[in-house]
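Take a look at the structure set out below.
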Amino acid sequence: MTRNEQLARDGYEAHMRGEAEVVEDLMAPDLTWHWWEHGPWDCHSRDEAMALIRERMGQRAIGKLTEVTEVTEGQVVVVMRESATLVTFRDGKVATMHAYRTKADALEAIRD
């Protein structure tokens, strides 16, 4: 397992345990988080992302982790149920997250 794969897995597991401070520490302050369709739910900072994550923790709204794979240096695909998130690391911190409907969609985005 690569360092970035381990960081992504650690963040997911901390999220499942309700350890928001661990998740927050993994994120760059200028983190961006986008869904497959852009909208007001997109996050443009760590603070915005953490507000959403804390809300989801309270709802226990997170899917089962099925795969974590570094597909290019610094880019990890995290698959939960059928959806996938392409996570980009910079200096050991999550810099961007982009959600996709499927793993295939996330992999296609890397090729584009």
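Only the coordinates and a few stated rules stand behind these numbers; no lab work does. What you see is a predicted model, and the numbers here were worked out from it, not measured in a lab. Quick reminder, even Gly has a Cβ in these numbers, built from the backbone with ideal geometry, and neighbours come from all protein chains shown.
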**Message:** Suppose we filter region 18-61 for residues that are aliphatic (A, V, I, L, M), surrounded by fewer than 15 Cβ atoms within 10 Å (Cβ to Cβ) and touching an Asp or Glu at 6+ places or on another chain (Cβ under 9 Å); how many remain?
**Reply:** 2
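Restricting attention to region 81-110, which residues are touching a residue at least 24 places away in the same chain (Cβ under 8 Å) and outside any strand (DSSP E or B)?
Residues of region 81-110 that are touching a residue at least 24 places away in the same chain (Cβ under 8 Å), as a first pass: 86-87, 89-101, 103, 105-107, 110.
Within region 81-110, D91, G92, R101, K103, D105, A106, L107, I110 qualify.
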**Item:** Single residue of S45, S83 found to be of a type in the set (G, A, S) and out of contact with any Pro (no Cβ under 9 Å at 6 or more places or on another chain)
**Value:** S83
**Request:** Could you check how many residues of region 62-88 are more than 10 Å from the chain's Cα centre (by Cα) and either surrounded by 14 or more Cβ atoms within 10 Å (Cβ to Cβ) or farther than 14 Å from L7 by Cβ (or both)?
**Result:** 17
**Request:** Report whether or not R111 is over 19 Å from H15 (Cβ atoms) and basic (K, R).
**Result:** yes
